[in-house]
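Presented below is the structure to which this report refers.
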Amino acid sequence: MGIAGVQVQVQVQVQVQVEVFLQRLTDSVRSEGFRFTYLPRDTDAYRVQVKRKRGMPDLLEELSGTGSRPPRKVPEGSRRSRKVPEGGGMWHEARKHERKLRGMMVDYKKRAERRREYYEKIKKDPAQFLQVHGRACKVHLDSAVALAAESPVNMMPWQGDTNNMIDRFDVRAHLDFIPMYTPALLSPTSPEQESDERKCNYERYRGLVQNDFAGISEEQCLYQIYIDELYGGLQKPNEDEKKK
């Protein structure tokens, strides 16, 4: 048989299993392995060798054109006559495997691009999904409960002071003294905490400051929030659409 221009004669007497793979020397691309079982030839009554099963050497001989059969003669005047390169079948298998890998890579890339375009189209502002639901309720006052809570029976002076009456279920009834809170003169907060507090205050009062500057009342702002939650806010066009 012929492999990459090297002639090798294989003669075996027992069953042999061969695994062959293709590898290029330029970029070390390796194909998948092919397994073949080669069986020895039998001899009939006239002592003529008969093939039992086509093995790997026989296939390589046919593919490479270096078998024992004489080559087919081509007329001299024929312009289509060309020489079959050695190992042509193996080269075509490697090219087929390489084209398959390249096609898979291109498919994965296109699929990732389509997925990114889909998520860019459906992406929205997270503030649009924030909703607060409530229900209007009417408070019913029970005069009997109010009178019972304010009756002198349930009231007691705190620390013996009749001018400071508290409920007997009040937690202050179990306290003898509440110290006065005196804040520190120097703020113990660090610069990082002050920076975070400034950012929190900015986000906390930004809407009120903007409405005050624009002259929007509280009723108008709440109504606009109601309309946005009911019908959805206006979607801002993407930068790609602006360029188009």
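The values are calculated or read from the model by the stated rules, or taken from the named source; none is laboratory data. Note that the structure is a prediction, hence the values are computed from the model and not measured. Virtual Cβ from ideal backbone geometry, glycine too; neighbours counted across all protein chains shown.
Just a few scattered comments:
- Scan of region 206-215 for residues that are farther than 17 Å from A127 by Cα and of a type outside the set (A, V, I, L, M, F, W, C), ordered by number: Q210, N211, D212, G215
- Contact annotation: residue pairs with Cβ atoms under 9 Å, 6 or more positions apart or on different chains, pairing a residue in region 122-141 that is not assigned by TED's automatic domain parsing to the domain that holds L230 with a partner that is of a type in the set (A, V, I, L, M), are V132/I225.
- In summary, helices (runs of 4 or more DSSP H) completely within region 149-244 and bearing 1 or more residues that are over 30 Å from H133 (Cβ atoms), of a type in the set (G, A, S) and modelled with pLDDT of 80 or more occur at 191-214.
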